[in-house]
Every structure is written in structure tokens, then in C-alpha cells.
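Below you'll find the structure, written out as C-alpha cells, and then a few comments.
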Amino acid sequence: MSSKVTKLPLTPLSLLRQIRDVMAQDASAQVRLDRVVKIIAEGFASEVCSVYLLRAGDIMELFASEGLKKTSVHLTRLNIGQGLVGAVAAAAEPLNLANAQEHPNFEYRPETGEEIYHSFVAVPVFQGGKVIGVLVVQGKEVREYTQDQVEVLQTVAMVLSELAISGDLVNLKEIQSTAGGVLVQQLSGTQLCGGIAKAVAVLHKPQLVISNYVATDIIFEKEKFDDAIKELRESFDNYLQAANLSGDDAKREIIETYLLFTQDRGWITRVNEAISSGLTAEAAVKKVQEELQAKMSQLSSPYIKERIHDLEDLSNHLLGIILGKPLQPDYSDLPKEFILVARNIGPAELLSYDHSCIKGLIAEEGSASSHTAVIARAMDIPTLAKVQNATAVIQDGDVLILDADGGNIYIRPSEDIESAMDKHIALYTKREAEYEVLRSLPAISKDGVRISLNVNAGLFVNTASVLQEGVDGIGLYRTELPYMTSSDFPDAEMQSQLYAGMYNQLPDKRIIFRSFDIGGDKKVPYLNAGDEENPAMGWRATRIGLDMPGILRTQLKALITASAGKPLYVMFPFIAQVSEFDAAKSLLMKELSNFEMAGKKLPTSVKVGVMIEVPSILWQLDSLMPRLDFVSIGSNDLMQFLFACDRGAAHMAGSYDTLSPVMLNVVRQVVAKAKEYNVEVSFCGEMARKPLDALALIGVGVRNISVSAAAIGPLKAMIRSVDISELSSYLDYITTIPDTSSRGWLANYVRDHGIII
Ligand code: PEP
Ligand code: MG
């Protein structure tokens, strides 16, 4: 094999400028592309330059060529992985061959007349980390191109991507529906909220548009990049200080990683090289980002993928600085219905979208009891978390089927999958319609026992779900959500308006307001809880309220104001000792007497209760119950402490069953004690939203359940199909069996008794 280097007749910069000028011409995209390939062939002193673009069905189609037979344009088509062009698309990497015909992947296409060419260099054209085209240069001589020349061609490909995605050559919808070198079509994750949805994807990330790819002044572009890096480092230093102050270790680690990247010589050098080859600072950052993102889809190490993800985030921050735009998602052009795909999304960010348009949520991080999960459930959108690589594999506009019940996401689904899932969606819709029929029916069992159904809400409420027969009101109103989405403690005025809004929306329904449960996994940025090794067992909820009574009193004032002339139910969370309840209740009584003394209108009645969610309180029920009007069992926290098993840790989720006899017996004891002291008892933990779990709870005596809105229909259907006295005897028996779970026993019972689950 002979190998000789030919010097290019044009400098890379003048080549890029010529291309830029052609791209700016007032001619059709095809004409401009034809002119561009001619310039590239000349610039590379080669006979051939061709551009292949991605078409539907993972096909690379020859779109323009200087040198190959004109009749082959739009005729020659190769599958991803087929021939040399297909190999470049599949590997998302350049290919540089002195004699292409010796390569095992070479596939002779007679219509092109390429048999006379030997040298071959091809680079992928990227968009969003996906290969959307291949740029090829070929020559008659047997010669290998230099690494510098390959890099120039990559830079040219970057500029060409602008033309390729203009939509004038290939309809963008067509590209979106094909994988384009990224063959992953199915992902799976952990369900945070059930349901099934079909819609296009919207990636939750800053949408920064680059309008200028080619540099006019390289030195200026390098300075622009240097300045942006400095600004980025400064902003990360500031974040780091804030994270240190608030003791947020997770945040600190992420920022430290980012800071390390901003000092990564390899990355900085690559961006600088891309600028030297003629790109603007923003185009250079994007080029390096695109190349890494494409490589990421081919790596298997989760650690490396995670690091490259960080780099992607970092590039987006940097682009925001260079382009002088805030890092805000662009809400201007969102589809009417979409599935939001995020690496991680905070409650405030989720709430910033118009929630009527969000049909589903997919996140790479998050756990069942995270803040976002709570909000997603309140919004009632199918949600999967822990979906590895979602933001790398899914592109904006991809059609997605999100089957949160089955834990699967189908990306750009094939016709087979789509029609199978359509059937599933139809069944789901039919079931939903059946639940609609139940709206006017009470939740009464076959043997005439009425179960009080209630809805868990916070910030907003699905009023339709509450305003139906058999639903008594809001069993748990999580008041901490506005604390989590504000930049400071919400004032009394704002809070009372919010609470008053609830009364207005739900006249004649009972609303149980739980005082704020901030802290733990519901951190608020403006409250420094210090360095806590176990925040779930740390400074949270009523503990904060008693240490900072001003904040709790502000909330209690807001609740009293909003409930003037109506019944007020206040529930204190995270009570571990009777004395804590006494202290919290006395703050409430003090505020009520202040209102009375000031002659302000009072609530018609005031009932006070606590959450049963800290195990220590289970041994204080005899002294607690006489002080109370009601209790509500919060299994989310109670179980994590009973089993010493972090509720937020996805990898621990399977280590115990909610239907453990231990838990069921605890519930039975609380119900019995409440009955003894004539205290109302309800159950508001997440497990009750599953009909089988709710069945078990009813079997051990629970008669009042509060769940997310979507669970009301399935629970009603279950309740109406069961004979509770028979069920209770069965539960009395199976909870004596020293098993890790009563699930199997219950499943048999359901099957044998035709209970609707
Ligand atoms: C619980 O702990 O069960 C509960 C309902 O409260 P939260 O999920 O808000 O902690
Ligand atoms: Mg709790």
C-alpha cells in the first residue's frame, strides 16, 4: 500500500468561508449542497466529494456528489452498517482508508462509477448526538489523508449539519422517526406514577440555537471561549460556596465534578482546535459535545456515560454564557402534548411547564418518594425514573410510548409495537371509562361497609376526582410544596390565598391540611439544615416548626385566616414524642386565641391530628390518643423506619414488601387503639393506592383511605367487589403466619373471590 500526503490547495479557514458563503446564497438547499460538495472536492484536491443523509428506516441516501455519476444521486441508498458509508454511520466515527476497495465492508455500487477511486475518507454529520449524515471524500490515488485533514473534514461536517437539519432537504419528522446510528429503541425504568401515554418527546434542557458557525476572527473566538470558561468557573465557585454553606453534599459533588471539567486540558484543547479549524466558539463547543454524545451511545460503562453526561450539561451551561442567553428551557414552541424527558428535574422546573400539556415524564434520576414523584403523582402523569441514558437516546420530537405500568418506554416504535401498544392504550382507556361510570356510585362493599375515600393533594388538586360520590375530601394536603418551589419562606398572605382557594374549589368537602414537612428529602434551598448524614431522620417537619416557631405560626395563621367560617383540620407530621404534639398544638391554640382577641372571624370547628410515621409513637398511643381528634398512618416514612430501609433508594425498593405481616399488624394495632379512644384513623401512605394493598389494609380494619387522584377509580371498583367481614377473618389468620409477605395469600383470595383488582 503506498501512502503519500497531498497538501490541500485551500487553507481550512478559506474552505470554511467559501462553504459559509454558499450556504448563505439565495438558492434551493439542493443547489447549495451541490455547490458545497464541489468546493469541498476542490479544497481537498480530490476527485469526489459526496454527502449522504439519513432517511426513514435507517437508510443513508446519496444526496449530492461531485465526481460520482449524477444519476446515482438519490438512487444510491445504504442501510446503517452497510458498506463503508453505513459503517461510518453505525460507528459514529471517521474512516480513513488509503485503498477503500481492500476494506471488508466495501460494497461496490455500479451506478456510482466509483470503481476507479481508491482513497476514501468519511466523517459523520451529527445532530443532537445522532448521526444524520455522512460526508465522504474520495480520490483516484492510493493515499491516506492526514489526521489534520480528517479534522478539517469533521469541522466541515459540523457546518454542513446546519443545512442538513434545515428541513429543506429531508423532512425533519422523517429523521426523527429513525434511529440514525443510535439503535436503542426500548428503555426501562422504575414507576413513580402509573399509566400509559403516547406523545412526542420534549427534552428538558436549554434549547440554545447557534446561528453563526464560521469564525471571522479566530483570536476573538478563542478569547470568547476563554472568557466564558472563566465566567463558568466563577459561577461554579459561587455555587460551591452555597452548597458548602447549606451542607448539600450531593450538589457539592456535582459542582466539583463540573469544576474539574472546566480545568480538563483535553477538553479545552479539543474546543480550541475546533476554533482553530475555523468554527465560532459556540460551534466548537457544540462540535466537541456532539462527538462525545455520539460516542456515549456506544460505550457500556455507566461511570463513563455519567461523566460524559456531566460534560454535556457543562457544555450547555457554557453555550448559555457564550450566547448570552439564560439557561432556561424554551417554552415558546412546545407541542400541545408531549412527554417530558429529563436527566433530573426539580419540582419547580416541573411546575414551570403548562401541566395540561405534559402527558408523561421520564427521568434518568429520581426515586419513588422524591419531591418530583410526589408532584408527578399530584399531576397524575405516567412517570418513570431511573431510566438510564434517556436523554442520550431520546431526541426531541421522537415518538414515544411510555408504559409506566409495565416500566417500559418504546422509542420511535415500529408498527408492530405501536399497534400492540395501541391495543393496550385502548384497554387502559376502556378501564378508565369504566371508572368514570363508578363516579356516581359510593365506595360500599358487598356486605354494606362504607369506606371513606379521600385524595392526597398539594399545590394543585384534581377537583373532579374529589367531587364525586364516595370521596369525602382531601385526606392529606401536603402544604410543603409551595415551600419547595419558592425562593424564600412563603408569607402568610400567599399561603392563606392558596388554602382559601382549596376551600373555594371544594365546598362541603373536608380538607386535612398537614403542616409543612420540609427537610429530609424535601429540602428547601433557603433553609440550612447543616451537614446531616441521615436527613430523613434529621431536622425536618414539626421539628423545624418547633425550633423556628415563627415559621410554623405564620403557616397556622394562614390556615386560620383561610378557614374562617369553615371547619379547620390541622395535622402535624413527624411526631416522635407526645411532647412535640403538645408544643405544636399549643402554638395553634395561641394563634386561635390571638385571632379571637383581635375579633377576627374564626373557623367553625378545629380538629387536630398527627401523622403516625415515626415508630417511637407506636409505643405512646395510650397517652397520645386522648389528646387527638384524628390520626393518619403514613406508611412511606413509617415503613422506612420500621425496616431501616431508605424510601428514596431505588436499589433497596425490593428488599421488603409493603404487604409484610409486620406492617399489617402495626396498622391493626393503631386502628384498634384509635377505636378504643374514639379517634378517627385514616391511612395516607402511598401503598394504599394499589388495590391489593388497600384490600389488605381494609382487612386489618382501615375504613378511611387517602390516595392520589388516579387511584380512586381502581379502589372503588375493588371495594364494591369485596365482602369485608369474610376478608377480615382471612386477614386475622394470614397475618399470624410468620412470612415475609402476605401477598401470595391475598392474591389467591382475590382470585378465588372474584375481587376486582
Ligand atoms: C408518609 O410518610 O407516608 C406520608 C404520607 O408523608 P410523605 O410521603 O409526604 O412523607
Ligand atoms: Mg411522611
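Modelled with pLDDT under 95 and within 14 Å of ligand 1 (Cβ to nearest atom): does that describe Asp488?
In short, no.
For the stretch 241-255, name all the residues that are at pLDDT 75 or above and either of a type in the set (A, V, I, L, M) or under 21 Å from Gln289 (Cβ atoms) (or both).
Result: no residue meets the conditions.
Starting from residues that are within 16 Å of ligand 2 (Cβ to nearest atom) and not in a loop (DSSP other than H, G, I, E, B), keep the ones in the stretch 576-594 and report whichever is most open to solvent (accessible area, probe 1.4 Å).
In this case the residue turns out to be Glu580.
How many residues does the stretch 387-417 contain that are under 13 Å from Ile362 (Cα atoms), outside any loop (DSSP other than H, G, I, E, B) and modelled with pLDDT of 85 or more?
9
To keep it simple, each residue is scored yes or no on (1) surrounded by fewer than 20 Cβ atoms within 10 Å (Cβ to Cβ); (2) within 16 Å of ligand 1 (Cβ to nearest atom).
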site: Phe574; (1), (2): no, yes
site: Glu596; (1), (2): yes, no
site: Pro626; (1), (2): yes, no
site: Ser635; (1), (2): no, yes
site: Cys645; (1), (2): yes, yes
site: Tyr677; (1), (2): yes, no
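Any chance you could count how many residues in the stretch 512-545 are farther than 25 Å from Val455 by Cβ and either away from ligand 2 (no atom under 16 Å from the Cβ) or open to solvent by less than 10 Å² (accessible area, probe 1.4 Å) (or both)?
Selection size over the stretch 512-545: 10.
For the stretch 121-152, how many residues are open to solvent by 10 Å² or more (accessible area, probe 1.4 Å) and touching a Lys or Arg at 6+ places or on another chain (Cβ under 9 Å)?
4
Scan the stretch 134-150 and give yes if some residue there is touching a helix residue (DSSP H, G or I) at 6+ places or on another chain (Cβ under 7 Å), modelled with pLDDT under 90 and not assigned by TED's automatic domain parsing to the domain that holds Gln289, otherwise no.
no
Across the stretch 275-298, which residue is farthest from Gly320 (Cα to Cα) among those that are modelled with pLDDT of 90 or more and open to solvent by 10 Å² or more (accessible area, probe 1.4 Å)?
Ser276
Quick one: which helices (runs of 4 or more DSSP H) lie wholly within the stretch 426-511 and hold at least 3 residues that are open to solvent by 50 Å² or more (accessible area, probe 1.4 Å)?
492-505
Inspect all residues belonging to the stretch 660-669 and state whether any of them is touching a strand residue (DSSP E or B) at 6+ places or on another chain (Cβ under 9 Å) and open to solvent by less than 50 Å² (accessible area, probe 1.4 Å).
Taking every residue of the stretch 660-669 in turn, at least one turns out to be touching a strand residue (DSSP E or B) at 6+ places or on another chain (Cβ under 9 Å) and open to solvent by less than 50 Å² (accessible area, probe 1.4 Å).
Report yes if some residue within the stretch 664-687 is at pLDDT below 95 and among the small types (Gly, Ala, Ser); otherwise report no.
Taking every residue of the stretch 664-687 in turn, at least one turns out to be at pLDDT below 95 and among the small types (Gly, Ala, Ser).
Looking only at the stretch 370-386, filter to residues that are assigned to a loop (DSSP other than H, G, I, E, B) and more than 17 Å from Ala197 (Cβ to Cβ); which one of those is most open to solvent (accessible area, probe 1.4 Å)?
Lys386
Which residues, counting only those in the stretch 611-624, are open to solvent by 20 Å² or more (accessible area, probe 1.4 Å), touching a helix residue (DSSP H, G or I) at 6+ places or on another chain (Cβ under 6 Å) and more than 16 Å from ligand 1 (Cβ to nearest atom)?
Across the stretch 611-624, the qualifying residues are Gln620, Ser623.
I'm trying to understand the selection: among the residues of the stretch 447-472, which are in contact with a Lys or Arg (Cβ under 7 Å, 6 or more places away or on another chain), more than 16 Å from ligand 1 (Cβ to nearest atom) and not aliphatic (A, V, I, L, M)?
Ser452, Gln468, Glu469, Gly470, Asp472
Residues checked against (1) of a type in the set (A, V, I, L, M, F, W, C); (2) in contact (Cβ under 8 Å) with a residue 60 or more places away in the chain; (3) in contact with a strand residue (DSSP E or B) (Cβ under 9 Å, 6 or more places away or on another chain):
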| site | (1), (2), (3) |
| --- | --- |
| Glu107 | no, no, yes |
| Thr112 | no, no, yes |
| Val123 | yes, no, yes |
| Val134 | yes, yes, yes |
| Glu141 | no, yes, yes |
| Gln149 | no, yes, yes |
| Leu153 | yes, yes, yes |
| Val156 | yes, yes, yes |
| Ile165 | yes, no, yes |
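The values are calculated or read from the model by the stated rules, or taken from the named source; none is laboratory data. For clarity, every value in this text was computed on a predicted model and none was experimentally measured. So basically every Cβ, Gly included, is an ideal-geometry build from the backbone, and we count neighbours across all protein chains shown. Ligands, DNA and RNA are excluded from the accessible area calculation, which covers all protein heavy atoms including side chains. Shrake-Rupley method; radii C 1.70, N 1.55, O 1.52, S 1.80 Å.
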